[in-house]
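*Asks:* Let me give you the structure first, and then I'll get to my questions.
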Amino acid sequence: MKHHRIATIPGDGIGQEVVPEGIRVLDAAGRRHGFQLEWEGFPWSCAYYREAGRMMPEDGLARIRSHDAIFLGAVGFPGVPDHVSLWGLLIPIRRVFRQYANVRPVRLMPGVLSPLRNRGAKDIDLFIVRENNEGEYSEVGGRMYAGTDAEFALQENIFTRRGCDRVMRYAFELARTRKKHVTSATKSNGIVYTMPFWDERFAAVAANYSDCRIDQYHIDILAAHFVAHPDWFDVVVGSNLFGDILSDLGAAVVGSIGIAPSANLNPEREYPSMFEPVHGSAPDIAGKGIANPVAQIWSAAMMLDHLGETEAAQAVEMAFTSIIASNGPRTADLGGNATTREVGEAIAAEI
């Protein structure tokens, strides 16, 4: 029997509630498709920070380096500044393990009502590929003259040829498995150095993919097109900041951020990749047992596909799609009244 070692980090808030449902569903998939998952849990979170003074131990990355994948719930909770929680756990994992391709499906599922008028499942089916290691989320900068009227903050954007090219190549390779259409998110009319460089690299990479159609839009009109014309898009590639914003907008147009998954991929498989929902820890509903586990479960399906368990991944996607389409148990964000556990149990039973 195949065997996969998975590091689980439930993290904060609803992460503690949805990760167990992801595990429940994947264990069911493993029994059905003949593989076993060995789960090793790590309690790294804001609660851990309040006790230890850091989001994970000094040797935290070494502890999870040899796992086949990382299954993350959520990071961040009131009482710990967001930049502390994020830069103490999530971003070091993404960067040290070179998870440079953040892949986020945006799909309107049958049975889910989009806030966009007259849009159905056939109209919204795309991927956002976000550069995940550099761009606007750099550590280059600082603050000076704190507390005086001369105080200022400086943050530098870092765009490298290597960083741009590799995530753009990933986007084109993904598009080749779909509709062969790649759209680049830019803002080269206002951001005078980094975005023209991004455009140049996009053109250079696109030249190697003559079988693919390309578009590029400035981020402001691109956001508008996500709302007015979501059917125009197949694979959208953007910088760290632009990809982050577009993926939350994408989750909104398909009905709920509670169903939005993501994968932080090291495509060369030199390091473990990490799988997590797009949503955060949702402190407002944490502990109530009403969080939607579908985003976590869909992220789990992406993890199975990355691990080579393609049939099992498809079975998991078919299971939650079927439950939603047939008006099965659903949480309040999708108009139902089921609990987190009831939805997870229904999907596991469907498998």
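*Asks:* Considering only the range 187-195, I want to know if a residue exists there that is of a type in the set (K, R), part of a loop (DSSP other than H, G, I, E, B) and either in contact with a Ser or Thr (Cβ under 7 Å, 6 or more places away or on another chain) or under 19 Å from R107 (Cα atoms) (or both). Outline the logic, then answer.
*Replies:* First, the residues of the range 187-195 that are of a type in the set (K, R): 187.
Subsequent filtering for residues that are part of a loop (DSSP other than H, G, I, E, B) retains 187.
Now narrow it down to the ones that are either in contact with a Ser or Thr (Cβ under 7 Å, 6 or more places away or on another chain) or under 19 Å from R107 (Cα atoms) (or both): none.
For the range 187-195, residues of a type in the set (K, R), part of a loop (DSSP other than H, G, I, E, B) and either in contact with a Ser or Thr (Cβ under 7 Å, 6 or more places away or on another chain) or under 19 Å from R107 (Cα atoms) (or both): absent.
*Asks:* Here's something else I'd like to know. Residue check, I158 against (1) buried (at least 16 other Cβ atoms within 10 Å of the Cβ); (2) under 30 Å from I93 (Cβ atoms); (3) among the hydrophobic types (A, V, I, L, M, F, W, C), all met but one. Which one?
*Replies:* (1)
*Asks:* Right, here's the next one. Taking the conditions exactly as written (under 27 Å from A185 (Cα atoms) and open to solvent by 10 Å² or more (accessible area, probe 1.4 Å)), does P267 satisfy them or not?
*Replies:* Answer is yes for this residue.
*Asks:* Is there a residue being among the aliphatic types (A, V, I, L, M), out of contact with any His (no Cβ under 9 Å at 6 or more places or on another chain), surrounded by fewer than 18 Cβ atoms within 10 Å (Cβ to Cβ) and at pLDDT below 95 anywhere in the range 1-12?
*Replies:* Step one: list which residues in the range 1-12 are among the aliphatic types (A, V, I, L, M), which gives 1, 6-7, 9.
Narrowing the set further to residues that are out of contact with any His (no Cβ under 9 Å at 6 or more places or on another chain) leaves 1, 9.
Filter again for surrounded by fewer than 18 Cβ atoms within 10 Å (Cβ to Cβ), leaving 1.
Applying the additional criterion that residues be at pLDDT below 95 yields 1.
There is at least one residue in the range 1-12 that is among the aliphatic types (A, V, I, L, M), out of contact with any His (no Cβ under 9 Å at 6 or more places or on another chain), surrounded by fewer than 18 Cβ atoms within 10 Å (Cβ to Cβ) and at pLDDT below 95.
*Asks:* Additional query: Being outside any strand (DSSP E or B), in contact with a Lys or Arg (Cβ under 8 Å, 6 or more places away or on another chain), within 25 Å of L116 (Cβ to Cβ) and open to solvent by 40 Å² or more (accessible area, probe 1.4 Å) is true for just one of D211, D220. Which residue is that? Explain how you work it out, then say what you get.
*Replies:* Working: D211 fails: within 25 Å of L116 (Cβ to Cβ).
Answer to the check: D220.
*Asks:* Right, something else. Of the residues Y137, Y170, which is open to solvent by less than 70 Å² (accessible area, probe 1.4 Å), aromatic (F, W, Y), in contact with a Leu (Cβ under 8 Å, 6 or more places away or on another chain) and not in a loop (DSSP other than H, G, I, E, B)?
*Replies:* On the way: Y137 fails: not in a loop (DSSP other than H, G, I, E, B).
Of Y137, Y170, the one residue that is open to solvent by less than 70 Å² (accessible area, probe 1.4 Å), aromatic (F, W, Y), in contact with a Leu (Cβ under 8 Å, 6 or more places away or on another chain) and not in a loop (DSSP other than H, G, I, E, B) is Y170.
*Asks:* Being without any contact (Cβ under 8 Å) to a residue 24 or more places away in the chain, in a strand (DSSP E or B) and of a type outside the set (K, R) is the requirement here; does G142 meet it? Before the answer, list the steps.
*Replies:* Working: without any contact (Cβ under 8 Å) to a residue 24 or more places away in the chain: yes; in a strand (DSSP E or B): yes; of a type outside the set (K, R): yes.
When the stated conditions are applied, G142 passes them.
*Asks:* Still on this structure, I have one more. In the list V129, V96, V103, which residue meets the criterion of being open to solvent by 70 Å² or more (accessible area, probe 1.4 Å), touching a helix residue (DSSP H, G or I) at 6+ places or on another chain (Cβ under 8 Å) and at pLDDT 95 or above? Give the steps one after another, and end with the answer.
*Replies:* Working: V129 fails: open to solvent by 70 Å² or more (accessible area, probe 1.4 Å); V103 fails: open to solvent by 70 Å² or more (accessible area, probe 1.4 Å).
Of the residues listed, the single one that is open to solvent by 70 Å² or more (accessible area, probe 1.4 Å), touching a helix residue (DSSP H, G or I) at 6+ places or on another chain (Cβ under 8 Å) and at pLDDT 95 or above is V96.
*Asks:* Would you call V80 within 30 Å of G328 (Cα to Cα), β-branched (V, I, T) and open to solvent by less than 10 Å² (accessible area, probe 1.4 Å)?
*Replies:* Numbers: within 30 Å of G328 (Cα to Cα): no; β-branched (V, I, T): yes; open to solvent by less than 10 Å² (accessible area, probe 1.4 Å): yes.
Against the criterion (within 30 Å of G328 (Cα to Cα), β-branched (V, I, T) and open to solvent by less than 10 Å² (accessible area, probe 1.4 Å)), V80 does not qualify.
Each row is one residue, and each column tells you yes or no for (1) touching a Phe, Trp or Tyr at 6+ places or on another chain (Cβ under 8 Å); (2) open to solvent by 50 Å² or more (accessible area, probe 1.4 Å); (3) more than 25 Å from I285 (Cβ to Cβ).
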| position | (1), (2), (3) |
| --- | --- |
| Y48 | no, yes, no |
| G53 | no, yes, yes |
| E58 | no, yes, yes |
| A69 | yes, no, yes |
| L72 | yes, no, no |
| V75 | no, no, no |
| S85 | yes, no, no |
| L89 | yes, no, no |
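*Asks:* What pairs come up if the first residue lies in the range 148-166 and is without any contact (Cβ under 8 Å) to a residue 60 or more places away in the chain and closer than 13 Å to A204 by Cβ, the second is open to solvent by 70 Å² or more (accessible area, probe 1.4 Å) and not in a helix (DSSP H, G or I), and their beta carbons are under 7 Å apart, counting only those six or more places apart or on different chains?
*Replies:* Correct list of pairs: empty, since none qualify.
The values are calculated or read from the model by the stated rules, or taken from the named source; none is laboratory data. Keep in mind that what you see is a predicted model, and the values were worked out from it rather than measured. Positions of Cβ are backbone-derived with ideal geometry, glycine not excepted, and every protein chain shown enters the neighbour counts. Surface areas here come from the heavy atoms of the whole protein model, side chains and all, with no ligands, DNA or RNA. Shrake-Rupley method; radii C 1.70, N 1.55, O 1.52, S 1.80 Å.
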